[in-house]
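Read through the structure below, which is laid out as structure tokens, and then see the notes.
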Amino acid sequence: MSELRYWLWLSALTGVRPRVKQELISRFGGVRELFFSPVEELAGLDMLTDEEREALKSRRLDAALDILERCEREEIGILTIQDAAYPRRLAQIYDPPLVLYVRGRLPSVDDLAAVAIVGTRRATPYGLKMATRLGYELTRCGALVVSGLTSGVDAAAAKGALLAGGSCIGVLGSAIDDRRWGGPLARDVETVGAIVSEYPPGAQGHAAFFRARNRITSGLTVACVVAEAPAKSGALLFADEALSQGREVFAVPANADAPAAAGSNALLKEGASPATDAGDVLADFYARFPSLKDPGREARTLPPERVIPEQEGAKQPESGADGPEDGADFVKLREPRRKKGIDKPPEPEYIDLKKQLEGLTEKQLRIVNCLTEGQAHIDDIIEKTAIPAAEALAELTMLQIGGYVRQEPGKRFSLNIIQK
């Protein structure tokens with residue numbers, strides 16, 4: 001613990017480049033030795049800029065001790081680059097963060113084929129569908145999805161991983177306790193995987209942090225997939241970062257005249273490998289990661305039409321009184337499309353409970369049955385259904401996408417039905 005305070009002191013000096021911090025530790029023989037070194041010794045180091053010399057003059061530990069206290073209070077883990085649990089894959093990039101702050105439980109990254117799925121925030125339905133499907137298929141095959149959790153492609157990929165009942169890592173470009181990014185999705189990812197950041201709780205945000213995040217997201221992975229990106233997109237900067245780190249870069253093909261995919265299509269022309277499914281991405285990694293599964297039919301059990309996340313601002317189906325358990329008054333969730341014709345189309349017929357639930361799994365049916373009595377908190381759903389937390393979250397997400405369930409405030413869920 002005494003050594004940790006010096007790591008936090010150095011990592012919190014945002015005016016000093018990560019690579020320079022590592023070189024200073026190596027030069028002085030350790031972070032403690034650097035802290036107690038005379039300021040005069042820093043003056044003659046050519047590696048330092050004037051701003052960095054000024055930042056290193058501060059030898060106060062108040063901020064470091066405050067970070068320690070907040071992390072303990074908020075149950076935030078701290079990993080230094082010298083800790084065994086720190087991903088070696090990340091430690092080997094050019095400028096790894098000295099400290100990683102972790103919410104949740106970090107998977108064994110080095111033992112997994114971790115894949116970042118990135119793209120535009122203003123994704124089209126096609127981009128959202130492909131990001132979700134890839135996140136789902138990769139997870140089902142035993143890979144680990146890494147996401148920035150921002151709206152659009154990144155969030156869709158994380159949702160796909162949750163749908164598959166697997167783990168996921170979300171990387172923040174802000175303070176580890178900044179709850180503005182990711183929302184409920186970040187909390188779900190934290191439950192089954194981890195949220196990581198190089199910025200301590202309470203750190204002030206800066207636009208440059210989000211670009212700096214790219215090196216961490218890519219550094220955790222063996223490959224990245226650009227699911228959809230226009231000509232000017234941060235996802236293209238991410239691809240450049242991944243290439244500089246020696247990662248495999250893939251892009252999802254799209255219509256040649258699609259503006260939303262002009263950037264990702266350009267990556268294909270520049271040599272990126274096409275990715276239409278998990279098999280394309282994992283083809284060269286089976287020997288390196290024997291635990292990976294072949295993306296056969298079992299990895300594609302999620303129907304394509306049910307993996308498109310709701311668009312922001314989309315009108316949600318109304319919810320009404322809960323139907324009885326026997327399903328006599330259970331009505332359809334969405335009206336079928338009406339065929340065009342000269343005559344007035346017939347009124348849509350109600351669909352009984354049995355037909356509506358035909359496509360649901362046994363675990364999803366248990367969740368639906370649990371919600372027939374009204375709203376239920378996620379913890380109560382897990383307890384009543386006896387479904388593990390990770391699987392329950394994945395099934396709930398799938399039910400939400402299918403329109404069967406809606407999430408209420410306070411991590412509560414209710415059936416999305418209208419009584420006949």
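What number of residues within the stretch 247-271 satisfy the criterion of being of a type outside the set (Gly, Ala, Ser), part of a helix (DSSP H, G or I) and open to solvent by less than 60 Å² (accessible area, probe 1.4 Å)?
The qualifying residues number 3.
Which one of Tyr126, Tyr136 is surrounded by 24 or more Cβ atoms within 10 Å (Cβ to Cβ) and either farther than 19 Å from Cys224 by Cβ or among the hydroxyl-bearing types (Ser, Thr, Tyr) (or both)?
The match here is Tyr136.
Here are the criteria: (1) surrounded by fewer than 23 Cβ atoms within 10 Å (Cβ to Cβ); (2) part of a helix (DSSP H, G or I). Tell me which single one Ala203 does not satisfy.
Just one mismatch for Ala203, condition (2).
Taking only the stretch 75-105 into account, find how many residues are open to solvent by 70 Å² or more (accessible area, probe 1.4 Å) and farther than 19 Å from Asn214 by Cα.
The total comes to 4.
Would you point out the residue of the stretch 1-39, among those that are assigned to a helix (DSSP H, G or I) and of a type in the set (D, E, K, R), that is surrounded by the fewest Cβ atoms within 10 Å (Cβ to Cβ)? Let's see the steps before the verdict.
Pass one, the stretch 1-39, residues assigned to a helix (DSSP H, G or I): 2-11, 18-28, 31-35, 39.
Keeping just the survivors that are of a type in the set (D, E, K, R) gives 3, 5, 19, 21, 23, 27, 32-33.
Values: Glu3: 11, Arg5: 17, Arg19: 13, Lys21: 24, Glu23: 14, Arg27: 13, Arg32: 16, Glu33: 13.
Going through the qualifying residues, I end up with Glu3.
List the pairs whose first member sits in the stretch 279-294 and is under 14 Å from Val222 (Cβ atoms) and among the aromatic types (Phe, Trp, Tyr), whose second member is open to solvent by 20 Å² or more (accessible area, probe 1.4 Å) and part of a helix (DSSP H, G or I), and whose Cβ atoms are under 8 Å apart, counting only residues at least 6 apart or on separate chains?
Phe289/Asp111
Which of (1) surrounded by fewer than 24 Cβ atoms within 10 Å (Cβ to Cβ); (2) modelled with pLDDT under 95 does Ala194 not meet, given it meets every other one?
Unmet for Ala194, out of (1) surrounded by fewer than 24 Cβ atoms within 10 Å (Cβ to Cβ); (2) modelled with pLDDT under 95: (2).
The values are calculated or read from the model by the stated rules, or taken from the named source; none is laboratory data. Note that the structure is predicted; figures quoted are calculated from it, not measured. Quick reminder, even Gly has a Cβ in these numbers, built from the backbone with ideal geometry, and neighbours come from all protein chains shown. These accessible areas exclude ligands, DNA and RNA; they are computed on the full protein's heavy atoms, side chains included. Shrake-Rupley method; radii C 1.70, N 1.55, O 1.52, S 1.80 Å.
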